[in-house]
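First up is the structure itself, then whatever we jot down about it.
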Amino acid sequence: MLRLSKKTLFAIEAVLDIAFHAGGTPVQSRDITRRQGIPRRYLEQALQRLVRQGILLGVRGPRGGYRLARERRRISVGDIVRVVREMETRENPDETDGGSELGRQVVRPLWAELDRDIMKKLDSTTIDELCARSLAAGIASEGRQNLDFAI
């Protein structure tokens, strides 16, 4: 099974948390940490990158925090995954040189094909859809009042 990194999963969870809890006031990172159990060292870095890429809006000040920069239906999971992948690539450059002919000509192309297929699915899955799945699973108790809120 292909695996998403912890940072990627944390970023998706954080955006979903913001989608549920952003109403009249921005969502603070400490509240996301408390609700989702995401370590702050991962969370702050990911949130700042998501702000720079236009997925979130950062609100400064003592009552500041984060909001979605677009409507939930206009943010795909693929958008979030790309931001985190870029961040991870800068931290840990991938070694694409070397390896066997079999790896270069058979295994890596297979992985690239699978990656394209997965990204298509992630691009077609929106934060709005994940909110609906959360409700169907009975998970979004604190955020239910905000689910109809759209910016």
* Structure fact -> Zone reached by a paramagnetic label modelled 7 Å from Arg133 Cα along Cα→Cβ, restricted to the stretch 44-72 with backbone N below 18 Å, covers 72
* Structure fact -> HN-Hα couplings for the stretch 107-118 via Karplus (6.51, -1.76, 1.60; θ = phi - 60°), in whole Hz with x for Gly/Pro, come out as 6, 4, x, 4, 4, 5, 5, 4, 4, 4, 5, 5
* With the contact rule set at Cα under 8 Å and sequence spacing of 6 or more, what percent relative contact order holds for the chain? -> 31 percent
* Structure fact -> Residues whose modelled amide H sits under 5 Å from the amide H of Ala69, counting only those 5 or more places away in sequence or on another chain, are Leu56, Leu57
* Whole-Å distance, taken between Cα centres, linking the stretch 21-57 and the stretch 111-127 -> 24 Å
* Asked: From the backbone phi of the stretch 39-47, what are the Karplus-calculated ³J(HN,Hα) couplings (6.51 cos²θ - 1.76 cosθ + 1.60, θ = phi - 60°) in whole Hz, Gly and Pro given as x?
  -> x, 4, 4, 6, 4, 4, 4, 5, 4
* Asked: Along the charge dipole of the stretch 4-90, which of Gly37, Leu47, Phe10 sits closest to the positive end, that is, farthest toward it, with unit charges on the beta carbon of Lys, Arg, Asp and Glu (+1, +1, -1, -1)?
  -> Leu47
* **Percent of Cα-Cα distances greater than 18 Å, calculated over the stretch 1-66** => 30 percent
* Between Gln28 and Arg52, what is the FRET efficiency for a Förster distance of 25 Å, r being their Cβ-Cβ separation, to the nearest 0.05? -> 0.85
* Asked: From the list (1) -0.48, -0.56, -1.08; (2) -0.54, -0.62, -1.07; (3) -0.42, -0.50, -1.00, can you say which value of log10 I(q)/I(0) by the Debye sum over Cα atoms at q = 0.12, 0.13, 0.18 Å⁻¹ was derived from the structure given?
  -> (2)
* Asked: Which whole-Hz couplings ³J(HN,Hα) result when phi for each residue of the stretch 55-65 is put into the Karplus expression 6.51 cos²θ - 1.76 cosθ + 1.60, θ = phi - 60°, listed in order with x for Gly and Pro?
  -> 8, 10, 10, x, 10, 7, x, x, 10, x, x
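Shape verdict for the stretch 32-84, please, from the Cα gyration tensor: rounded (a/c under 1.5), prolate (a/b greater than b/c) or oblate.
Verdict is oblate for the stretch 32-84.
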* When ligands, DNA and RNA are left out and all protein chains stay put, how many square angstrom of accessible area per residue does the chain have with a 1.4 Å probe? -> 63 Å²
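What is the percent carbon and sulfur in the accessible area of the chain, measuring with a 1.4 Å probe over the protein chains and ignoring ligands? The partial results should precede the final answer.
Details: 4870 of 9460 Å².
Accessible surface attributable to carbon and sulfur in the chain totals 52 percent.
The values are calculated or read from the model by the stated rules, or taken from the named source; none is laboratory data. Predicted model, so just to flag it, every value in this text is computed and none were measured. Cβ: placed from backbone, ideal geometry, glycine included. Neighbour counts: every protein chain shown. Just so you know, the surface numbers come from the protein's heavy atoms only, side chains and all, with ligands and any DNA or RNA stripped out. Shrake-Rupley method; radii C 1.70, N 1.55, O 1.52, S 1.80 Å.
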